[in-house]
Number of protein chains: 2
Amino acid sequence: MSKEITIYDIANSLKISPATVSRALNNHDAISTNTKALIHAKAEEMGYRSNKFASNLRKQKTNTIGVIVPRLNSTLMSTILAGMEKVANEAGYNLLITQSLESFKKEISNVKTMFNSRVDGLMVSVSYDTEGYEHFRSFIDKNIPLIFFDRTLDKSECLNIVIDNIKGGYDATKHLLEQGCKNIIHVTGNLKRNVYADRMRGYQQALAEFGVPFKQHNIFETDLTTEAGRKVVQAIKLSEEKIDGVFVTNDFCAVTCMGMLKKMGYSIPKDIAVVGFNNDPLTEIITPSLSTVYYPGKEMGEIAAKSMINHLNGLMDIGHTNYIVLKSELIVRDSSSRLPKN
Amino acid sequence: MSKEITIYDIANSLKISPATVSRALNNHDAISTNTKALIHAKAEEMGYRSNKFASNLRKQKTNTIGVIVPRLNSTLMSTILAGMEKVANEAGYNLLITQSLESFKKEISNVKTMFNSRVDGLMVSVSYDTEGYEHFRSFIDKNIPLIFFDRTLDKSECLNIVIDNIKGGYDATKHLLEQGCKNIIHVTGNLKRNVYADRMRGYQQALAEFGVPFKQHNIFETDLTTEAGRKVVQAIKLSEEKIDGVFVTNDFCAVTCMGMLKKMGYSIPKDIAVVGFNNDPLTEIITPSLSTVYYPGKEMGEIAAKSMINHLNGLMDIGHTNYIVLKSELIVRDSSSRLPKN
DNA sequence: CTGAAAGCGCTTACAG
DNA sequence: CTGAAAGCGCTTACAG
């Protein structure tokens, strides 16, 4: 392990002060171009690397943004993260990423870690069973910027970056109704979470608008896994009332359901029309292609990171904004197209 | 922004020395249980949080592991990352994650960032067009542990965590041959990368074993996107020699091909049998289900992180190991099952 | 345009 | 079991 070069080594070898070396390395205005060039060359030659800890300790800033997601391995989340990473990296910020694995307890511990790591800001999509935001108190008290994205909390005074989930649910359901569906079930996730609760509200609104009575037993609150899909399909089969439409709040689960329905002899969309959510790439490559609600994951990640960085750099104050709602829209494909397209 | 509490504040308020506070907070043996309890309580009461920069600066250690992946938003990579995060988090390490977006240039810059962030170790899956490992020189010179996973480099003296890609390619191809395929094309990624080059070698070995001549024009070196799939299917259609087997080195692209082939009237597996790679969850939910090679992504992430942490904690020396090869195996499903299963 | 000096908040070898 | 003191490598207000 070779010795680390410091600004003192550079200063000594150039017979100047460490202060000047520090300034030159940070491209401070007050240093002459000559001196700068000299110092940069020497630094390069000696294999110098800045010590971020010393710098952070002195500047009381970390250039690191924390991110907590429910799971890393979901198409949506990894797409959002990709967007965040891109923006953060370009702006010279690092991302510290952890996953709550849908556990409130783990989320609390993740928040603590982020706090102790002194991230300059924190971006969070909450877990399935998160209750309240007391565990973010430390961030709020210290005025450390906090942004929620996708899954947000009620009554949050922080910036929330979302899509209009009510509209998403409404559009999907309305579309199914327009295609002639009379009895539409809704397969969703934990209704504690805004994304699922709002989509269901949209579902209810559309039903009401079309004069279709809402039935509680048509709501399947699940964990959206393959297993959940299996149970839903079983229920469809055993149902006394004919089910002719399915609105699933997640593409992967929707595709699972479609596959099983097909195997059981249902024709899609003729017997049962299906709409998913997120516009996962897989929706386009399966047969029939899955109608879905476009979810701007990459954009959401980029905008969240951009907002955070602008705030940190004083170019913007996220304290004044409560919601940023991104555009999202229904994409009609084969799984729900019963009528001739116009 | 409330003032940060330091060990000095705790020391003053308790009329003891900061050294004792530091020791107590780190559960040092030499501090009496009483004093420890007292200090911990006070720290809690005052809202103390340790300053990692000061601590890192002093200890010359960061408790942070860097990870560079080609893309965050790929099923395989996000699964690997999930495994890494789990292990790292449990061991009290943080993960600094960046993506190279398949660009050698960006990878070089990522490595530099990691170096300057003084990660304790670095885990990398290289980009499409990475050449050599000169850009890791700084890590090697400083003896900072470096682990490659999935996509590795030739002649690397570091620890590489991989699956047996040759065997994977061999198994897939052999299976297609056993199912009666006479003319199998192979759709793959950049052949500079071990994963793709090795799978092709396996493909060639199986052909050779069955006395089937290898034809260069049966190799499609692509970027494995939907567009690439489209071109391959076009080529299949226009081909003068009948093509009856497709081995694609990535499930998503395989599914894309399957979808288009079906639309063009091909029956799968009767006309054309298809095998993918990775065992992406989507392989099970499409119709016909896709035969594929199981890839232990989560395990790979866990083992990489575990190896790194054990090395950092002195429990193991990765300097003595060159390769860790994880188990992986062919999973036969409907897309390639022409013979009755035994 | 450059320097001297203080201080960011810890940890630890040394001493008792 | 506890303390005094030095030092990790920077940055910056102040002075010139």
| remark: The answer for the net charge of residues other than residue B:196 whose Cβ lies under 15 angstrom from its Cβ, with Lys and Arg +1 and Asp and Glu -1, is -3
| request: Would you grab the residues whose amide H sits under 5 Å from the one on residue A:67? Only those 5+ places off in sequence or on another chain, please, with H modelled 1.01 Å from N. | output: A:96, A:97, A:98, A:123
| query | Which percent, nearest 5, of DSSP beta bridges in the protein assembly as shown are antiparallel? | reply | 5 percent
| task | Provide the buried accessible surface between chains B and A in square angstrom, both chains summed, 1.4 Å probe, rounded to the nearest 100. | result | 4900 Å²
| request: Evaluate the range B:58-209: find the radius of gyration of its Cα atoms, find its Kirkwood radius, and give the ratio Rg to Rh. | output: 1.06
| task | Sort the protein assembly as shown into rounded, prolate or oblate with this rule: let a ≥ b ≥ c be the square roots of the eigenvalues of the Cα gyration tensor; rounded if a/c is under 1.5, and if a/c is not under 1.5, prolate when a/b is larger than b/c, oblate otherwise. | result | oblate
| Size of charge dipole - the protein assembly as shown - debye, nearest 20, with Cβ of Lys, Arg +1 and Asp, Glu -1, no other charges | 760 debye
| query | Given the convex hull over the Cα atoms of the range B:7-50, what projected area results after averaging over all orientations, in nm²? | reply | 2.6 nm²
| Whether the range A:56-119 is rounded, prolate or oblate, judged on the alpha carbon gyration tensor where a/c under 1.5 counts as rounded | oblate
| field | Most mobile of B:31, B:285, B:185 in a GNM of chain B (Cα contacts under 10 Å) | value | B:31
| Summing Lys, Arg as +1 and Asp, Glu as -1, what charge do residues with Cβ under 10 Å from the Cβ of residue A:126 carry, residue A:126 excluded? | -2
| Protein accessible area in the range A:7-50, 1.4 Å probe - carbon and sulfur % | 49 percent
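What dipole magnitude, in Debye to the nearest 20, does chain A give about its Cα centre under +1 on Lys/Arg Cβ and -1 on Asp/Glu Cβ?
I would put it at about 540 debye.
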| query | What average count of beta carbons from other chains do you get within 10 Å of the Cβ of residues in B:64-73? | reply | 4
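Provide, as a two-decimal number, the C-alpha radius of gyration of chain A over 2.2 N^0.38 Å, N being how many residues it has.
Compared with the compact-globule rule of thumb, chain A sits at 1.28.
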| task | Return the single residue from B:217, B:175, B:28 with maximal mean-square fluctuation; model: Gaussian network over chain B, springs between Cα atoms under 10 Å. | result | B:28
| request: Run the dipole for the range B:7-50 about the Cα centre, Lys and Arg Cβ at +1, Asp and Glu Cβ at -1, nothing else charged, and hand back the magnitude in debye, nearest 20. | output: 60 debye
| Among B:160, B:279, B:183, residue whose mean-square fluctuation peaks in a GNM of chain B (springs only between Cα atoms under 10 Å) | B:183
| remark: Expressed as a whole number, the average count of other chain Cβ atoms within 10 Å around the Cβ atoms of B:243-255 is 1
| field | In nm, spacing of pseudo-spin labels at residue A:137 and residue A:264 (7 Å Cα→C-beta vector) | value | 4.8 nm
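In Å², and per residue, what accessible area does chain A have when probed at 1.4 Å with the other protein chains present?
44 Å²
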| Net charge of Cβ neighbours under 15 Å - reference residue A:105; Lys, Arg +1; Asp, Glu -1 | -3
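The values are calculated or read from the model by the stated rules, or taken from the named source; none is laboratory data. Note that the structure is predicted; figures quoted are calculated from it, not measured. Heads up, the Cβs are rebuilt from the backbone with ideal geometry, glycines too, and the neighbour counts pull from every protein chain shown. Heads up: the accessible areas ignore ligands, DNA and RNA and are worked out on the full protein's heavy atoms, side chains in. Shrake-Rupley method; radii C 1.70, N 1.55, O 1.52, S 1.80 Å.
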